[in-house]
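> Take a look at this one; I'll ask things after.
A short reminder: the numbers here are calculations on the coordinates, not readings from a lab. None of these values were measured; they are calculated from a predicted model. Here the Cβ positions follow ideal geometry from the backbone for every residue, glycine too, while neighbour counts run over all protein chains shown.
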Amino acid sequence: MKLIYTHENRFIVSNVQNIVQNAGINVTLKNEYVAGGAGDLSPFDTWLELWVTDDKDYEKASEIIRSINNTDNMHDWFCSQCHEKNSASFEICWQCQHERES
Ligand SMILES: [Zn+2]
């Protein structure tokens, strides 16, 4: 087991989990059930953590995560052609199909 990704935003970690899982890599979450009950824990301890089950998949998984971070910083973006707002997961504008520019 190796820690592959963690972020204070649980939604982002879940999103990364889905993408990595879709690539056929077994992953597991830690700190899944401590939200809201931080208590004496430091904020960092309650970050949702994504672990790869099999160490052999670590390299592949980190490559996937790197590529996510390169092309998709998890922020909404605006189409340069029609100025429509698009979700971070879209590679082309949902309205005019103009390709996303970084
Ligand atoms: Zn557009």
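> Given a Förster distance of 30 angstrom, what is the FRET efficiency for Arg10 paired with Phe78, based on the Cβ-Cβ distance and rounded to 0.05?
0.70
> Residues of region 1-20 with amide nitrogen under 14 Å from the 7 Å Cα-to-Cβ point of Lys30?
1-7
> To make sure I understand the rule: partners must be lysines, Cα under 22 Å from the Cα of Lys30, and not fewer than 8 residues away in the same chain. Which ones qualify?
Lys2, Lys56, Lys60
> Which ³J(HN,Hα) values in Hz, rounded to whole numbers, follow from the phi angles of region 77-82 under the Karplus curve 6.51 cos²θ - 1.76 cosθ + 1.60, where θ = phi - 60° and Gly and Pro get x?
Ordered by residue, 3J(HN,Hα) equals 9, 10, 5, 6, 9, 10 Hz.
> While we're on this one: Check Tyr5: other-chain or 5+ apart residues with amide H under 5 Å from its amide H, H built from backbone geometry?
Leu50
> I would also like to ask the following. Rounded to the nearest 0.05, what FRET efficiency is calculated for Arg100 and Ala23 with R0 set to 22 Å and r the Cβ-Cβ distance?
Efficiency computed from Cβ-Cβ geometry: 0.55.
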